[in-house]
Number of protein chains: 2
Amino acid sequence: MQKYIVGVDIGGTTIKLAIFPVGERAIHTWEITTTDREHITEIWKDIADAIRAKFAELGYDMTQLAAVGMDLPGPICDNGYLPWCVNLGMGACYPAEELSKVLDGIPVAACNDANAAALGEVYYGAAKGADNAALFTLGTGVGGGIIVGGKIVAGNRGVGGEVGHFVVNPDETEKCNCGNRGCLEQYTSATGMVRVAKRLMAKGQLKSKLYDLPEIDLTAKAICDEAKEGDELGLEVIDVYSKYLAIAASHIALTIDPDVIIIGGGVSRAGKILIDKVEEYFIEYTHIAEKKAKFVIAELGNDAGTYGSAALASQLL
Amino acid sequence: MQKYIVGVDIGGTTIKLAIFPVGERAIHTWEITTTDREHITEIWKDIADAIRAKFAELGYDMTQLAAVGMDLPGPICDNGYLPWCVNLGMGACYPAEELSKVLDGIPVAACNDANAAALGEVYYGAAKGADNAALFTLGTGVGGGIIVGGKIVAGNRGVGGEVGHFVVNPDETEKCNCGNRGCLEQYTSATGMVRVAKRLMAKGQLKSKLYDLPEIDLTAKAICDEAKEGDELGLEVIDVYSKYLAIAASHIALTIDPDVIIIGGGVSRAGKILIDKVEEYFIEYTHIAEKKAKFVIAELGNDAGTYGSAALASQLL
């Protein structure tokens, strides 16, 4: 009888679910609303109910469920321990054990959302077949995932892949959201890019059409668009951005020697102008490596979580 | 019948060998001279002969040899490929296959020497029992090794653990031995430390007893010794050193989340004054990690290679 895996991607407002025939791509996807913070301990029952209802609707038997994978926006250690999850208002627990309990002991695996995205790209997306890989998600913040030997590296403290908080400029004076100063996220997130642009604009040494924009329109996209047209200040922002991202990427390259470095998140949509510059600095910063890791743009988009979770679950079989 | 593993540590002038009862520490160690560069392709036969002769001398039968591990001073990819080994004058080959061929097909594994040292510390030394670990060898140059899930991470290009060539200062004007500029090795090797001291001395802004030393006596040890006595310039060198090493260590920590970071090599003998400062910056640079990796001093010294090679061989059983 056909066996299925379910991938569960838990976000702050929505839980995405998808059913995968073992070894294949998703054939059914659906969403439920994330359990509210006051009743967050009921989230496991809510997910189990959603899976049971969908299986009933499709005429599948629950014995056909081989394993469940899930990701959530918090650090999960190698032993499955989640110390906290601020975004969900969740305290310390073992998420996989909790969900398995309410699913009659079906095997469940859990990981951090950026780690799931990295594994998803390796199993189904832009990094298919890579042994070692690194993902940067460049959005409002900067996240990441590290894959070694086809497996997520989370570590015993769950900070594997916390690439957004690499200190790349110890001389920085402004604080990062994490409370530290000089983190990669302060330069290479969408907000970081705007921050760098504003700083350069305040100095007033470079010509730019960005001065003419109302502040609300000064976005990462606007900066990249102007840079593509040759805007002096826009190009300088791209340069700062690329230098710091390349430093982080090169340090990862000389640590785990990834086959590919995957770039995801909203900022990755700036595309070629950004990636080309990052790769240029990366090649310089990995002088010692005769052959270089390739840069690729993430392919799975909003499905990265469910696909990555399913990939993680498949490692239980 | 008792089974044995042999660990072989190939250096530029000497090959160290050691016999380990499976799962135990070395019971016999000996050395042979490294095959000269003109006859380097005979090195495999030389090693096999040395093992056979020692087994005969000890009254062991060759059927008691379960596996051989070896390390050498060059990059070895995950598939066993060595693209080159400048220090031995060796061209591209698969070292483990070559040695196995002249040992009647006995299983052989090979890795880079710094990687072996890291694995040795995890199996037998300062990092015993760690799942993930990172080693910095701070000597004439700076090498390193990365362990994830108890295994060496070399990668498909063999540059896993090339931590000495992390670019930590993109604004550096002087060149590293690798041809790049701003590598960790330029600040945290023994020669790098002297270079930093000379630069600060040329500026002449800090008081120091180091000005009174003849140039030949201006060594990493002398700098550390003066720093311990409160020498202004000596302390500044330690500060620069610690900042850069902590940046590299923190980036590794937020990549693979090591349980311990092992410090080895001659410079590590400076001991507490250096490690304390490195750890101080490391804690600052890993602000996001609630629990921190521990710093430990390498324990195996000159035996790291044979012990690490034996550990690698044991993974074949």
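If you scan the range B:159-170, which residues turn out to be part of a loop (DSSP other than H, G, I, E, B) and facing chain A (nearest Cβ under 8 Å)? Show your work before the answer.
Quick first cut of the range B:159-170, residues part of a loop (DSSP other than H, G, I, E, B) only: B:159-162, B:166, B:168-170.
The answer is B:VAL159, B:GLY160, B:GLY161, B:GLU162, B:PHE166, B:PRO170.
Among (1) buried (at least 24 other Cβ atoms within 10 Å of the Cβ); (2) touching a Lys or Arg at 6+ places or on another chain (Cβ under 8 Å), which single condition is B:ALA270 missing? With (1) buried (at least 24 other Cβ atoms within 10 Å of the Cβ); (2) touching a Lys or Arg at 6+ places or on another chain (Cβ under 8 Å) applied to B:ALA270, the lone miss is (1).
Against the definition (within 14 Å of B:ILE256 (Cα to Cα), small (Gly, Ala, Ser) and surrounded by 24 or more Cβ atoms within 10 Å (Cβ to Cβ)), how does A:GLY120 come out, yes or no? Steps first, answer last, please.
On the way: within 14 Å of B:ILE256 (Cα to Cα): no; small (Gly, Ala, Ser): yes; surrounded by 24 or more Cβ atoms within 10 Å (Cβ to Cβ): yes.
Judged against the criteria, A:GLY120 is not a match.
Among the conditions (1) crowded, with 18+ Cβ neighbours inside 10 Å; (2) more than 14 Å from chain B (Cβ to nearest Cβ); (3) touching a residue at least 12 places away in the same chain (Cβ under 8 Å), the only one that A:LEU235 does not satisfy is (3). Within the range A:280-295, restricting attention to residues that are at pLDDT 95 or above and open to solvent by less than 50 Å² (accessible area, probe 1.4 Å), the residue that is farthest from the other protein chains (Cβ to nearest Cβ) is A:PHE295. Has the range B:72-81 got any residue that is touching a helix residue (DSSP H, G or I) at 6+ places or on another chain (Cβ under 9 Å), touching a residue at least 24 places away in the same chain (Cβ under 8 Å) and crowded, with 23+ Cβ neighbours inside 10 Å? Within the range B:72-81 (the criterion being touching a helix residue (DSSP H, G or I) at 6+ places or on another chain (Cβ under 9 Å), touching a residue at least 24 places away in the same chain (Cβ under 8 Å) and crowded, with 23+ Cβ neighbours inside 10 Å), the answer is yes, since at least one residue qualifies. Return yes when A:ALA56 is away from every other protein chain (no Cβ under 14 Å), over 17 Å from the mean Cα position of the chain (by Cα) and either open to solvent by less than 20 Å² (accessible area, probe 1.4 Å) or of a type in the set (S, T, N, Q) (or both) and no when it is not. No, not satisfied.
Condition check: loosely packed, with under 13 Cβ neighbours inside 10 Å and within 25 Å of the chain's Cα centre (by Cα). Does A:ASP61 satisfy that? So A:ASP61 does not fit the description; no. Every listed requirement among (1) open to solvent by 20 Å² or more (accessible area, probe 1.4 Å); (2) within 24 Å of B:GLU229 (Cα to Cα); (3) away from every other protein chain (no Cβ under 13 Å) is met by B:SER314 save one, (2). The number of residues in the range A:126-170 being open to solvent by less than 10 Å² (accessible area, probe 1.4 Å), out of contact with any Ser or Thr (no Cβ under 9 Å at 6 or more places or on another chain) and within 20 Å of A:ALA293 (Cβ to Cβ) comes to 5. One residue stands out in the range B:171-205 among those that are more than 10 Å from every other protein chain (Cβ to nearest Cβ), under 19 Å from the mean Cα position of the chain (by Cα) and aliphatic (A, V, I, L, M): the one that is surrounded by the most Cβ atoms within 10 Å (Cβ to Cβ), namely B:MET193. Report yes if A:GLY265 is outside the structural domain of A:ALA117 (by TED's automatic domain parsing) and either closer than 30 Å to B:VAL168 by Cβ or in contact with a Lys or Arg (Cβ under 6 Å, 6 or more places away or on another chain) (or both), otherwise no. So A:GLY265 fits the description; yes. Looking across the range A:78-87 at every residue that is in contact with a Pro (Cβ under 7 Å, 6 or more places away or on another chain) and at pLDDT below 95, the one that is nearest to the other protein chains (Cβ to nearest Cβ) is identified as A:PRO83.
Residues being without any contact (Cβ under 8 Å) to a residue 60 or more places away in the chain and either more than 23 Å from B:ASN302 (Cα to Cα) or part of a strand (DSSP E or B) (or both): count how many of those fall in the range B:83-96. Break it down stepwise before answering.
So in the range B:83-96, the residues without any contact (Cβ under 8 Å) to a residue 60 or more places away in the chain come out as B:84-86, B:89-96.
Remaining after also requiring either more than 23 Å from B:ASN302 (Cα to Cα) or part of a strand (DSSP E or B) (or both): B:84-85, B:90-94.
Summing the residues that are without any contact (Cβ under 8 Å) to a residue 60 or more places away in the chain and either more than 23 Å from B:ASN302 (Cα to Cα) or part of a strand (DSSP E or B) (or both) in the range B:83-96 gives 7.
Residues that are more than 18 Å from A:TYR281 (Cβ to Cβ), at pLDDT 95 or above and assigned to a helix (DSSP H, G or I) do not occur anywhere in the range B:135-156.
Looking only at the range A:1-36, how many residues end up being in a strand (DSSP E or B) and open to solvent by 50 Å² or more (accessible area, probe 1.4 Å)? Reasoning before the result, please.
Taking the range A:1-36 as the starting set, the residues that turn out to be in a strand (DSSP E or B) are A:4-10, A:14-21, A:28-33.
Of the ones still in play, those that are also open to solvent by 50 Å² or more (accessible area, probe 1.4 Å) are A:16, A:28-29, A:31, A:33.
Of the residues in that region, 5 qualify.
Of A:ASP257, A:ASP303, all but one fail to be crowded, with 17+ Cβ neighbours inside 10 Å and more than 29 Å from A:LYS16 (Cβ to Cβ); the exception is A:ASP257. Taken over the range B:100-117, the criterion of being buried (at least 23 other Cβ atoms within 10 Å of the Cβ) and part of a helix (DSSP H, G or I) is satisfied by B:ASP113, B:ALA114, B:ASN115, B:ALA116, B:ALA117.
The values are calculated or read from the model by the stated rules, or taken from the named source; none is laboratory data. These numbers come from a predicted model, not from an experiment. With ideal geometry, Cβ positions are generated from the backbone for all residues, glycine too; neighbour counts draw on all protein chains shown. These area figures cover heavy atoms from the full protein model, side chains too; ligands, DNA and RNA do not enter into them. Shrake-Rupley method; radii C 1.70, N 1.55, O 1.52, S 1.80 Å.
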